[in-house]
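S.K.: Please read through the structure below; I'll follow up with questions.
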């Protein structure tokens with residue numbers, strides 16, 4: 001087991017938790033990425049949309065700054081210095097996957113952050129159930145693609 | 001101030017994803033591949049984030065109200081419905097096919113590649129479709 005990667009993961013998780021707590025303390029909002037990014041894209045122009053845009057800018061700048069300033073703090077598998085890993089699936093698979101992720105998180109009102117982190121921290125029944133479902137479906141999909149079909153990402 | 005707060009929260013979130021290795025789909029797929037060479041990293045990220053938020057939320061809620069808004073905006077629904085669970089299922093399948101959920105996909109944009117651009121564009125289209133469907137029913 002890759003202990004160094006696991007410890008990096010915990011450190012990253014604490015930063016994500018700090019972000020969620022900060023957003024709750026300042027704005028009173030759940031740090032759900034699917035809601036924030038889709039809100040920035042599709043909500044009418046108002047002050048909501050502006051802070052969501054600033055959040056998305058920070059979300060993109062964080063890994064960019066890490067890549068430029070301290071890539072040794074990144075945690076890309078098999079790479080000593082790197083903060084952003086390469087996609088593993090082909091363009092057609094990524095199109096299907098992106099549609100499913102957008103549609104699913106849009107209908108289910110949340111993703112790994114909104115349900116998996118913030119909702120679990122609130123002990124929300126809906127979020128805990130959604131998290132169990134998307135984890136199970138993600139694991140089942142990887143099992144089918146890698147071990148039954150023997151290919152894919 | 002709200003813009004600054006949004007920027008700081010986004011920066012912390014993006015840094016956390018990158019430090020945690022979640023901007024690498026190989027780590028995410030390695031976690032989801034329970035029958036293969038299992039990678040526990042995602043458990044560390046989720047555990048660290050949930051425990052930090054669990055404690056931090058309770059401290060923050062004691063303030064009574066957030067700094068820049070009159071009250072907290074917290075979901076109150078408790079019921080389980082087909083849209084929630086069906087949506088989570090579709091999301092899980094897409095996550096397993098790609099190794100990307102929305103946060104890491106957007107956070108990886110500075111290292112943009114063709115497949116990632118395709119994913120992000122399709123995800124934005126998916127959100128648009130979900131809003132159309134929700135408006136029609138609601």
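S.K.: Do any helices (runs of 4 or more DSSP H) entirely within the range A:1-71 hold 2 or more residues that are facing chain B (nearest Cβ under 7 Å) and farther than 27 Å from residue B:73 by Cβ, and if so, which?
M.R.: Per the criteria, A:3-27, A:47-69.
S.K.: Scan the range B:63-73 and give yes if some residue there is within 14 Å of residue A:99 (Cβ to Cβ) and surrounded by fewer than 24 Cβ atoms within 10 Å (Cβ to Cβ), otherwise no.
M.R.: no
S.K.: Could you tell me whether residue A:138 is at the interface with chain B (Cβ under 7 Å from one of its Cβ atoms), modelled with pLDDT under 95 and closer than 30 Å to residue B:78 by Cβ?
M.R.: No; evaluated as a whole, the condition is false for this residue.
S.K.: Given the conditions (1) at the interface with chain A (Cβ under 7 Å from one of its Cβ atoms); (2) free of Cβ contacts under 8 Å to residues at least 60 places away in the same chain, and given that residue B:4 satisfies all but one, which numbered condition is not satisfied?
M.R.: (1)
S.K.: With the requirement that a residue be touching a helix residue (DSSP H, G or I) at 6+ places or on another chain (Cβ under 6 Å) and under 23 Å from residue B:31 (Cα atoms), what does the range B:109-138 give you?
M.R.: Of everything in the range B:109-138, those that are touching a helix residue (DSSP H, G or I) at 6+ places or on another chain (Cβ under 6 Å) and under 23 Å from residue B:31 (Cα atoms) turn out to be B:109, B:115, B:119, B:120, B:123.
S.K.: Does residue A:91 satisfy being assigned by TED's automatic domain parsing to the domain that holds residue A:141 and more than 22 Å from residue A:36 (Cβ to Cβ)?
M.R.: yes
S.K.: Right, something else. Does the range B:30-44 contain any residue that is assigned to a helix (DSSP H, G or I) and within 14 Å of the chain's Cα centre (by Cα)?
M.R.: Checked the range B:30-44: at least one residue is assigned to a helix (DSSP H, G or I) and within 14 Å of the chain's Cα centre (by Cα).
S.K.: Hey, another quick one. In this structure, is residue B:33 buried (at least 24 other Cβ atoms within 10 Å of the Cβ), facing another protein chain (nearest Cβ under 7 Å) and farther than 19 Å from residue A:24 by Cα?
M.R.: no
S.K.: For the range A:26-63, which positions are under 20 Å from residue B:57 (Cα atoms) and either surrounded by fewer than 18 Cβ atoms within 10 Å (Cβ to Cβ) or more than 16 Å from the chain's Cα centre (by Cα) (or both)?
M.R.: A:26, A:27, A:28, A:29
S.K.: Take residue B:52 and decide whether it is at the interface with chain A (Cβ under 7 Å from one of its Cβ atoms) and surrounded by fewer than 24 Cβ atoms within 10 Å (Cβ to Cβ).
M.R.: Yes; evaluated as a whole, the condition is true for this residue.
S.K.: What's the number of the condition residue A:109 fails, among (1) farther than 15 Å from residue B:80 by Cα; (2) not in a helix (DSSP H, G or I)?
M.R.: (1)
S.K.: What about residue A:144, is it at pLDDT 95 or above and more than 7 Å from every other protein chain (Cβ to nearest Cβ)?
M.R.: In short, yes.
S.K.: Would you mind stating whether residue A:76 is more than 7 Å from chain B (Cβ to nearest Cβ) and either buried (at least 19 other Cβ atoms within 10 Å of the Cβ) or closer than 23 Å to residue B:123 by Cα (or both)?
M.R.: no
S.K.: On to the next question. How do the helices (runs of 4 or more DSSP H) wholly within the range B:61-138 filter down when requiring 3 or more residues that are modelled with pLDDT under 95: which remain?
M.R.: So the answer is B:114-137.
S.K.: Tally time: how many residues in the range A:42-69 are modelled with pLDDT of 95 or more and more than 18 Å from residue B:7 (Cβ to Cβ)?
M.R.: Adding up the residues that qualify gives 1.
The values are calculated or read from the model by the stated rules, or taken from the named source; none is laboratory data. The model shown is predicted, which means the values in this text are computed figures rather than measured ones. No Cβ is skipped: glycine too gets one built from the backbone with ideal geometry, and neighbour counts run over all protein chains shown.
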